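Below is one structure, written out as structure tokens; the observations come after it.
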Amino acid sequence: MTDLAGIGSVLGAWYDFRDLNNLQRLITEWIADWGPDWLASIITGVLGALGILGVIGPTLLILIWVERKVIARFQQRYGPNRVGPKGLLQPVADAVKLILKEQLAPRAADKLIFFLPPVLVFIPGILIWGVLPFGPRMSVADLNVGVLFLLAVSGTAVLVLFMAGWASNNKYALFGAMRAVAMSISYEVPMVLALLTLVVFSGTMSINGIVQWQQQEDVIFILLFPLSAIAFFFAASAELNRTPADISEAESEIVAGYHTEYSGMRFGLFYAVELGNTLVVSAFIATFFLGGWWLWGLDQWVPSWVILLAKTGAVYFLLIWTRGTLPRLRVDQLMGFCWKALVPATLLFVVVAFVERTLLISEGWDTTVALPIMAVFNIALSLGAVMLFARVARPAPLRRPARIRMAGSDIGGLNAAREVAARREEPQLQVGGD
Amino acid sequence: MTMSDDTRLAMQGTIEALTSGDGSEPVVVNLGPQHPSTHGVFRLKVTLDGEIVQDAEMRIGYLHRSMEKLAEERTYTQNIPFTDRIDYLAAMSNNLAYCLAAEELLGVEVPPRANAIRVMFAELQRVASHAMANGTFINDCGAWHTPLFHMFRDRERVLDMFEMTCGARLTTNYMRIGGVAFDLPDELLPTLEQFLADMPENIANYEALLLENEILHARARGVGVISPEMAINSSLSGPVLRATGVPWDLRKANPYCGYESYEFDVPVGEQGDCFDRFLVRMAEVKESLRILRQVVDTLPDGPYLADLPLHARPEPGESYARVESPRGELGFYLVSDGGPAPYRFHCRPPSLINLSALKEMSIGGTLADAIVTLGSIDIVVGEIDR
Amino acid sequence: MIIGLEHYLVLGALLFCIGFFIALSKKNAVGVLIGVELMLNAVNLTLVAFSRFGTAEVALSTQVFVVFIIAVAAAEVAVGLALALVVYRNRQTISVDRTTLLKG
Amino acid sequence: MSDFGFHLAFWSLAAMTIGGASMIVVSRNLIHAVIWLVLSMLGIAGLYLTLSAEFIAVVQVLIYVGAISVLMLFAIMLTPRAERDNSQHIKTAGPAGVVVIMVMIATMWVAIDTDWGAVREAALTEQARLIGESLIKHYILPFEIGAVLLTAALVGAIALARQDDEDAAVHAASLQAELDDDGSVDPVDVVDPPLPTDGEAST
Amino acid sequence: MTIQYDATAAMEIVNASAPGAACVYDGVLFLDPDTLVESIRALRDAEQSDLVFLSNLTAVDHELHFEMVYHLQSLDLNHLLQAKARIFDREDPALPSLTGVYHGAHLQEREVYDLFGIRFEGHPDLRRMFLWDGFPGYPLRKDFLQMPGQVRAGLPGFPHESEENSWPVPGSVPQRPLHPNDPQPEGEVAVVDESEDAS
């Protein structure tokens, strides 16, 4: 799995910034010369964590600014433009404000459990970065069960949300927590199935292995399994509580959901983690489905982590775009979409992946020929599945079009209403329907 | 065989729980008075079973300013500013309805130019108010403010025109008994022309963004449905009534201010659900633009205010004048005892009366549906509480 | 001192006994379930310890056994909680010592 | 792995596991108990890592922390507040404690005294692959039975937990009949209703 | 402008179902409070009146009595009828509720109850709406917070208009004659007559 043929000749020198792992290895070797090996592993672990924190901390501040600016452009506004050049320091000002703000706790709250979640929520938020490969050897821990680790860690976040919502002793918070839990449990299933497709097809559970498979076969997974990619994207945005699936903190319904009672920096921590999770999910979507740090040989010239960040940015923009455009779905619709649409679709592609994998491995089909054919077949199958779903699963009120008619000279009550409705002419406006 | 007392008691409790419902406790959730979705200080007390609304009860009065009492101690002209503050999103329509009622009491003839200006501003106000209503409705459906801000842009332009005409944007205090307070400024008509030229494209943009949005359909279609019979019986009016298919519009049925001379149509819906209300409002904006086009083209010259003595005292009597405000049938009922101030000043608030059927519309839906329904009725709390 | 098999076994035994005590003594049905879960985990810990300190063929089969136990535990919790819910609905209590219908 | 790091990991994880488990015994609130259970489970997952069983460790976190604890919390939320009391013990808790202590002494004695013949070979690598292969080759029958069991549990749990109004009416009628048949004292005469009272502040 | 429905025609419809329940004075239809619900239901259901839409419902305090004002609208026939009913009991004014006829009367009657203190018998949920429970008095009554020395609500004259700056005589609003079915106010008839003479 460690085919590093594509890496250039300067590999291994500490100044080769294409692979920052060299730096770390250098330090490790230096410590190993004089110190015990446990110290080396602890120090490298701490360095990795610091590296990640050092990257995502400032990135988060910039991301707040980017998101606000982009959303503002969607909404024909300027966005933040007062603090600092182009409003760049606005997130800093916000953070300062949040830190200085009084932190309230409801009197009837369960104190211990109320104070813990803003801290605990950071643990999965940070841990999950550990398995993200920034380059061929640039990940803090390249686990051979990386995919499983990713799912396990993201699953624990639910518990923290539940603690926050329950301990607040607030109905909005409890509703938010219950919705968040119900939704994460449901959407974990299509997420697992979508990743299972990749695991089955590439034959590895290591995340870096999946990227390297894409590199070897010269194909990105979104072309092979587009529906799985879309399902993963939607399931991830549901797990992230972003519109159109932000029901667990639906502003117009339950105020702010599970963090309604958190003020000041406690709210700030939730907010930061949410944003960080958005970023990491974008990164994982880029890794799994868009080839991660690899881009058809460009990774030889450009540092791999720059490629990954560029792809992450593209996915992140897509997330902002959906958020800025779409209204929110209802709880039951969201659950129905998960169980009736995403789960069958992803399950179908797990089976497809099984069959195709068998054809490739057992029947020994030539990958250069077989993969394009499979890609075309899978894309067609995805389109067919989507169209079938749109036809079959549409709820009854949506099957009739909504019509607007002009009353003309018929002004009045029920009799006039009947006259208008009975007219044969085309309605002024007709939208929706089958 | 004899059971223990514990068992018997537990069984008694079980029987009660089974026969009274499903044994789970209903949760009472307060939406408001401070809540992101309630468009003002309005409190909806919702009893929920899971996510399903079992009962919805509104608690209002947080913005009650006792205008009807205050108006009894102000002269007829002094009362006009109160009407701004009744429905602060449609101040022009409220001005107009009150002035019509007072003119009926005083027997004043309004000059034609004043009537045309009144129609112009009432329709501009409808455009602004519907922009706000539809924008916040989409927000209640969970959009992240994008349609709202787009529609706010149009509303801003209308408010700019208000400002250049009467100096105020929200509480305009523009209409007077017998006409309007000021003549149109020179720069208004070019601005209005530009507005009329730009609006069709903007509306096309909104329609492209919203009309075929599947999520919006899923959220608003078949939600908050009310039948035309029930709507009439509940005294609903305005877009809420027209969305059920009842073509009732006071501008057509009982024309005032010369509405009979303009060509426009009354859009009606079919299902009476939230989406139809939204569509009716979208279509009404287009009709308002049609009226505005004709008003600009046929604006007569002449005085803008009738010659009226300063200390006009109406004869003892009463009057009830209604207009089609953006929210529905807005009426003012005035009783005069011959004094300088109205003896009784009553406003028929469409926002309040449109809420008559809120409970019926929300029960059985989810919490999210109740909020969408409330948003589609388009209430203004100032008008509910007065 | 080298940490060996015995450490894990003692730890597992301790955990098992705590779980056993919870399962035996708690009045609340969910509490009893928690105790049972702890007992199962103690067994898992012991098995994994044997896997690490045993020969290669033992190593694999014990881990497979643990996977089975986890799967069965998940099923057990789901059914157990559903049972608790039904008992609550029909008896208005989930105290194990008051659910005595089978005794008549 | 060096001795110091290993010792540090083992003892802290053991303390976390046993501490969490002990807190379940003493915590008065069921929700707190579940959260202590989560802590204990995380400790066990860590112990699996010290035993080089990373696949089992990740599965432990995935299933116990991500699923089972959440399921328990859900079940607790579906019962009213009065049923979230974890402090009550049944009447025979004392004898149970004696039994448990005897079991503990016995197991520990066995654990320490027996010669297990422990060897410390290199840990399995690629456990996930190995476990997967042995599941579908060597243990295919148990694997299938496990699948059937999970399906049955799924169906059974849903069938148990869902409730029809009609069923409720029938059930109420049958209970009423049972009550009517019963010849014991009228429940109205019972002075002190033994149902637990709601001690917590209501929301 | 609004097309008014002929009050006499309405009176005939009402009297056909409940004889003597309505009378017309000065072009205004007056209804007997006792048979109010039946009268208005007859007006709603009759083919020729078709007053299906309760446009407005409010009360006026005429100091000696309360006057309930109903504005009923027919949508298909497009006419508006103003109907009135009088309540003479100031201590405990009560009137049958129209909620059984018009669902839309629900909130409007609550408003009138809140601000005038008129009880609507048969209203399913008659509580104060704008003001809190236990608010002293009913603000839209003319005697609300009445000061000693005949200082009362209302505007005596225009500002800066000195010559007519006098308080209106109580009861200067023209009083309608009583319906024969109305309960005759005791001891206040003289005031009614006096005011009629004045106008």
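The values are calculated or read from the model by the stated rules, or taken from the named source; none is laboratory data. Just so it is clear, the model here is predicted, and its values are computed rather than measured. All Cβ positions, even for glycine, are placed from backbone atoms using ideal geometry, and neighbour counts span all protein chains on display.
Data overview
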| item | result |
| --- | --- |
| Qualifying residues in segment B:203-223 (those that are touching a Lys or Arg at 6+ places or on another chain (Cβ under 8 Å) and not charged (D, E, K, R)) - the one modelled with the highest pLDDT | B:Ile203 |
| Residue within segment E:42-49 that is closer than 21 Å to E:Gly104 by Cα, in contact (Cβ under 8 Å) with a residue 24 or more places away in the chain and out of contact with any Ser or Thr (no Cβ under 7 Å at 6 or more places or on another chain) present | yes |
| Any chance A:Phe225 is buried (at least 21 other Cβ atoms within 10 Å of the Cβ), touching a His at 6+ places or on another chain (Cβ under 8 Å) and more than 14 Å from chain B (Cβ to nearest Cβ) | no |
| Failed criterion for B:Pro309 (all others in (1) within 13 Å of another protein chain (Cβ to nearest Cβ); (2) at pLDDT 85 or above hold) | (2) |
| Among residues of segment A:96-139, those that are of a type outside the set (D, E, K, R), touching a Gly at 6+ places or on another chain (Cβ under 9 Å), farther than 27 Å from A:Val211 by Cα and modelled with pLDDT under 85, counted | 2 |
| Selection from segment E:5-20 of residues that are touching a helix residue (DSSP H, G or I) at 6+ places or on another chain (Cβ under 7 Å) and outside any loop (DSSP other than H, G, I, E, B) | E:Ala10, E:Ile13, E:Val14, E:Ser17 |
| Among the candidates C:Gly31, C:Gly35, residue that is within 28 Å of D:Met77 (Cβ to Cβ), crowded, with 18+ Cβ neighbours inside 10 Å, more than 7 Å from chain D (Cβ to nearest Cβ) and of a type outside the set (Lys, Arg) | C:Gly35 |
| Residue check for B:Ala283: in a helix (DSSP H, G or I), aliphatic (A, V, I, L, M), buried (at least 16 other Cβ atoms within 10 Å of the Cβ) and at pLDDT 90 or above | yes |
| Some residue of segment A:128-147 being under 17 Å from the mean Cα position of the chain (by Cα) and closer than 30 Å to B:His145 by Cβ | yes |
| Scope segment E:49-75; condition within 14 Å of chain A (Cβ to nearest Cβ) and either surrounded by fewer than 21 Cβ atoms within 10 Å (Cβ to Cβ) or among the β-branched types (Val, Ile, Thr) (or both); matching residues | E:Val52 |
| Selection count where residues are part of a loop (DSSP other than H, G, I, E, B), more than 12 Å from chain A (Cβ to nearest Cβ) and either crowded, with 19+ Cβ neighbours inside 10 Å or among the hydrophobic types (A, V, I, L, M, F, W, C) (or both), scope segment B:181-227 | 4 |
| Segment B:312-327, residues that are at the interface with chain E (Cβ under 10 Å from one of its Cβ atoms) and closer than 30 Å to B:Leu189 by Cβ | B:Ala321, B:Arg322 |
| Where A:Val189 falls short, out of the listed (1) free of Cβ contacts under 8 Å to residues at least 60 places away in the same chain; (2) within 14 Å of chain D (Cβ to nearest Cβ) | (1) |
| Pairs with Cβ under 6 Å, 6+ apart, first in segment B:90-106 and more than 14 Å from every other protein chain (Cβ to nearest Cβ) and under 20 Å from B:Asp337 (Cα atoms), second of a type outside the set (A, V, I, L, M) and assigned to a helix (DSSP H, G or I) | B:Tyr98/B:Thr83 |
| Subset tally (residues that are over 10 Å from A:Pro327 (Cα atoms) and not aromatic (Phe, Trp, Tyr)) for segment B:201-216 | 10 |
| Every residue from segment D:48-67 that is surrounded by fewer than 24 Cβ atoms within 10 Å (Cβ to Cβ), more than 9 Å from chain A (Cβ to nearest Cβ) and either in contact with a Phe, Trp or Tyr (Cβ under 8 Å, 6 or more places away or on another chain) or of a type in the set (Gly, Ala, Ser) (or both) | D:Thr50, D:Leu51, D:Ser52 |
| Qualifying residue in segment A:251-269 (condition: over 20 Å from B:Pro36 (Cα atoms), surrounded by fewer than 24 Cβ atoms within 10 Å (Cβ to Cβ) and within 20 Å of the chain's Cα centre (by Cα)) | yes |
| Per-region count, segment B:60-86, residues in contact with a Pro (Cβ under 8 Å, 6 or more places away or on another chain) and either in contact (Cβ under 8 Å) with a residue 24 or more places away in the chain or in a loop (DSSP other than H, G, I, E, B) (or both) | 8 |
| Given (1) at pLDDT 80 or above; (2) more than 12 Å from chain B (Cβ to nearest Cβ), index of the condition E:Pro183 fails | (1) |
| Qualifying positions in segment D:1-45 - at the interface with another protein chain (Cβ under 7 Å from one of its Cβ atoms) and over 18 Å from the mean Cα position of the chain (by Cα) | D:Ser2, D:Phe4, D:Gly5, D:Phe6, D:His7, D:Phe10, D:Ala14 |
| Filter pass, B:Ala357 being at the interface with another protein chain (Cβ under 10 Å from one of its Cβ atoms) and either part of a helix (DSSP H, G or I) or under 16 Å from B:Val240 (Cβ atoms) (or both) | yes |
| Residue ID - surrounded by the fewest Cβ atoms within 10 Å (Cβ to Cβ), chosen from residues in segment B:119-140 that are farther than 21 Å from B:Pro267 by Cβ and within 14 Å of another protein chain (Cβ to nearest Cβ) | B:Asn139 |
| Boolean, C:Leu14 is modelled with pLDDT under 90, at the interface with chain D (Cβ under 7 Å from one of its Cβ atoms) and buried (at least 23 other Cβ atoms within 10 Å of the Cβ) | no |
| Those residues of segment D:1-21 which are over 20 Å from A:Trp38 (Cβ atoms) and crowded, with 17+ Cβ neighbours inside 10 Å, in sequence order | D:Thr17, D:Gly20, D:Ala21 |
| Lone qualifier among A:Ala272, A:Ala310, A:Ala256, A:Ala286 - being closer than 28 Å to A:Ala231 by Cα and touching a Ser or Thr at 6+ places or on another chain (Cβ under 6 Å) | A:Ala286 |
| Given (1) in contact (Cβ under 8 Å) with a residue 40 or more places away in the chain; (2) facing another protein chain (nearest Cβ under 7 Å); (3) in a helix (DSSP H, G or I), number of the condition B:Ile232 does not satisfy | (1) |
| Selection within segment B:336-354 - at pLDDT 90 or above, more than 13 Å from the chain's Cα centre (by Cα) and within 7 Å of another protein chain (Cβ to nearest Cβ) | B:His346 |
| Flag if D:Val34 is among the β-branched types (Val, Ile, Thr) and either surrounded by 24 or more Cβ atoms within 10 Å (Cβ to Cβ) or not assigned by TED's automatic domain parsing to the domain that holds D:Leu13 (or both) | yes |
